[in-house]
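These notes are about the structure you will find just below.
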Amino acid sequence: MVTFHILSIFPEMFVGVFQESILKRAQEKGLIKINLVNIRNYATDKHRTTDDYPYGGGPGMIMKVEPIFRAFYDITAKAKTKPHRIFMSPQGKTFNQKKAIELAEKKEIIILCGRYEGIDERIREELIDEEISIGDYVLTGGELPAMVVVDAVSRMIPGVLGDESSKEDDSFYCGLLGYPQYTRPREFQGKKVPDVLLTGNHALIERWRRKEALRRTLLRRPDLLVEADLTEEDYKLLEEIYNEEGI
Ligand SMILES: CC(C)(C)c1cccc(C(=O)NCC2(NC(=O)c3cccc4nocc34)CCCCC2)c1
């Protein structure tokens with residue numbers, strides 16, 4: 001069971017996303033709990049201010065310390081165990097499946113979402129255990145990144161994907177890119193489904209799929225290939241692929 005406490009000034013952004021299939025079922029099964037926290041509720045001034053002008057001048061606004069400190073203290077006081085505290089940030093370590101599996105072991109996770117031009121540095125110094133980025137592009141806020149983390153981490157919690165598969169054999173995750181997939185019709189605009197998939201020979205089909213996943217990963221994301229733990233059989237398949245691809 002993982003409890004996610006998501007701190008944002010736009011918590012309503014999350015409602016639709018977490019009311020959809022897999023995350024909704026996971027919450028109903030009591031496998032995850034999602035606590036949406038509106039930072040504005042911890043702003044004590046009349047206008048419930050959560051941002052202010054940057055010292056030193058410059059464009060935009062900065063998220064204020066007080067509301068965020070109050071929110072962190074309140075959540076931490078109510079939490080059963082000391083929450084692991086994440087700030088979604090372009091300055092963070094790039095998120096990946098390994099990190100998702102690691103975070104799925106935590107009991108309580110606080111995820112802070114930035115807005116405006118960012119947060120007051122004292123928040124980063126005092127309250128954050130780790131900063132995570134979902135990639136190198138400019139975004140408007142940390143909310144979409146937070147949804148990505150909740151989705152990927154939740155899938156790694158036993159029982160969320162349904163009883164049959166566990167985190168290792170998540171159907172998509174074996175460290176390689178996916179193999180080509182087909183469904184009916186068998187021929188479309190003259191393009192046929194590969195015959196091997198129609199043989200019913202599961203050993204042959206599995207070999208073909210593994211080889212095509214290796215081929216695709218080698219050609220498109222060789223960096224993932226380096227990370228994947230390959231078997232002797234995989235190396236044999238790679239030999240064939242090198243020859244076929246003329247590499
Ligand atoms: C990386 C790059 C292009 C060099 C860069 C450099 C400088 C700023 C940004 C940027 O986007 N600032 C805006 C901001 N982004 C994010 O929160 C964010 C962005 C990307 C991945 C993320 N993962 O989690 C959070 C992420 C949202 C508003 C509050 C300040 C942060 C980008």
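For region 45-179, the Kirkwood radius over C-alpha pairs fed into Stokes-Einstein at 4 °C and 1.567 mPa s yields D = 78 µm² per second.
Between 0 and 90 degrees, rounded to the nearest ten: what's the tilt of helix 143-155 against the longest Cα principal axis of the chain? It works out to around 50 degrees. Compactness of region 103-197 is given as radius of gyration and Dmax, 20.1, 62 Å, from Cα positions. Among the lysines of region 5-106, pairs at least eight places apart or on separate chains and with Cα atoms under 23 Å apart come to 24.
All distinct Cα pairs of region 168-247 go into the 1/r average, and the inverse of that average, the Kirkwood radius, is 13.8 Å.
For region 40-79, state which trypsin sites (Lys or Arg not before Pro) are in a DSSP loop and have at most 12 other beta carbons lying within 10 Å of their beta carbon. Taking region 40-79 and a limit of 12 other Cβ atoms within 10 Å, the loop trypsin sites (Lys or Arg not before Pro) found are 46. The Rg/Rh ratio of the chain, with Rg taken over Cα atoms and Rh as the Kirkwood radius over Cα pairs, comes to 1.08.
Sparse packing (at most 13 other Cβ atoms within 10 Å of the Cβ) combined with a DSSP loop state is found for the following trypsin sites (Lys or Arg not before Pro) in region 100-151: 107.
Helix 232-245 and the longest principal axis of the Cα set of the chain meet at an angle near 80°. Of all segments of the chain bounded by chymotrypsin sites (Phe, Trp or Tyr not before Pro) found in a DSSP loop with no more than 14 other C-beta atoms within 10 Å, the longest spans 56-136. Taking only Cα atoms, what is the 0 to 90° angle, nearest 10, from helix 65-78's long axis to the longest principal axis of the chain? With rounding to tens, the tilt is 70 degrees.
The GluC sites (Glu not before Pro) of region 10-90 that meet both conditions, a loop assignment by DSSP and at most 13 other Cβ atoms within 10 Å of the site Cβ, are 20.
Note on residue 192 and residue 96: their simple-model spin labels are 4.0 nm apart, each label 7 Å out from Cα toward Cβ.
All of the numbers you see were taken from the coordinates with simple rules; none came from a lab. Nothing here was measured: the structure is a model prediction, and the numbers come from that model. Don't worry about glycine lacking a Cβ; one is built from the backbone with ideal geometry, like all the others, and counts go over all protein chains shown.
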